[in-house]
1. Please determine whether any residue of the stretch 154-173 is in contact with a Ser or Thr (Cβ under 6 Å, 6 or more places away or on another chain), among the β-branched types (Val, Ile, Thr) and on the phi < 0 side of the Ramachandran plot.
2. Name the residues in the stretch 41-68 that are among the hydrophobic types (A, V, I, L, M, F, W, C), within 12 Å of Cys24 (Cα to Cα) and under 11 Å from the mean Cα position of the chain (by Cα), would you?
3. Among Gly112, Gly104, which is the only one that is touching an Asp or Glu at 6+ places or on another chain (Cβ under 9 Å), under 25 Å from Ala20 (Cβ atoms), of a type outside the set (S, T, N, Q) and not in a helix (DSSP H, G or I)?
4. Answer with yes or no whether Ala54 is over 30 Å from Pro161 (Cα atoms), out of contact with any strand residue (DSSP E or B) (no Cβ under 7 Å at 6 or more places or on another chain) and either surrounded by fewer than 21 Cβ atoms within 10 Å (Cβ to Cβ) or touching a residue at least 12 places away in the same chain (Cβ under 8 Å) (or both).
5. Does the stretch 93-104 contain any residue that is charged (D, E, K, R), crowded, with 24+ Cβ neighbours inside 10 Å and within 15 Å of the chain's Cα centre (by Cα)?
6. I need a count of the residues in the stretch 5-51 that are surrounded by fewer than 19 Cβ atoms within 10 Å (Cβ to Cβ), outside any loop (DSSP other than H, G, I, E, B) and at pLDDT 85 or above.
7. Being of a type outside the set (Asp, Glu), under 13 Å from the mean Cα position of the chain (by Cα) and part of a helix (DSSP H, G or I) narrows it down to one of Ala133, Ala150, so name that one.
Amino acid sequence: MLELVAMALTGYVLGSVSCAIFVCRALGLPDPRGQGSGNPGATNVLRIAGKPAAALTLAGDVLKGVLPVLLAAAISDSPAVAAAAGLGAFAGHLYPVFFRFRGGKGMATGFGVASALAWPVVLGMGAAWLVVAALSRYASLASIAAALCAPLLAAWLDAPPAILAAFIAMCVMLISRHRENIRRLFAGEESKIGAGRA
């Protein structure tokens with residue numbers, strides 16, 4: 001239990017590091033929370049700062065999902081400990097303690113966590129994202145589709161219960177963070193890839 005709590009907290013602290021904010025500060029760019037969609041994530045950084053900054057943000061967000069899970073695996077062979085570390089990192093990205101709990105929407109960090117917990121799930125998530133994005137041109141809809149696929153794929157792969165529970169929790173949290181996007185989708189106001197909000 002101590003390892004589980006410790007790794008959940010470690011994951012949360014690492015996840016709370018906002019790569020978008022640090023990349024923009026390092027490059028002398030505006031704070032992404034006050035530009036574009038106001039979302040501190042790679043899509044908004046792409047919009048306000050271009051591809052190199054967005055690529056750095058994306059890599060950082062994925063990595064902070066991977067590292068806590070790998071660290072947990074190095075100190076324990078318990079799937080529950082690994083799942084707690086990953087879920088902590090994901091929650092930290094969404095609700096970062098260092099930035100007044102105002103974080104990103106979770107897709108990149110979710111991919112990182114999933115790749116470390118059960119890498120085949122990422123293949124399905126990536127395929128779902130690409131197909132939905134190509135057909136709809138909505139990044140938010142593609143992210144929601146990928147999130148919905150994750151627990152289904154984890155269940156199909158017979159993932160340990162703790163890891164399946166982590167995928168379900170991340171799916172629920174990611175969809176919750178996309179509430180405004182969902183409202184805009186139904187209203188026909190959501191911006192497509194390449195223009196507008198993230």
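1. The answer is no, given that none of the residues of the stretch 154-173 is in contact with a Ser or Thr (Cβ under 6 Å, 6 or more places away or on another chain), among the β-branched types (Val, Ile, Thr) and on the phi < 0 side of the Ramachandran plot.
2. Ala42, the sole residue that qualifies.
3. Unique residue meeting the criteria: Gly104.
4. yes
5. No, the stretch 93-104 has no match at all.
6. 8
7. The conditions single out Ala150.
The values are calculated or read from the model by the stated rules, or taken from the named source; none is laboratory data. Values in this document were obtained by computation on a predicted structure and should not be read as measured data. Methodologically, a virtual Cβ is constructed for each residue, glycine included, from the backbone with ideal geometry; neighbour enumeration extends over all protein chains shown.
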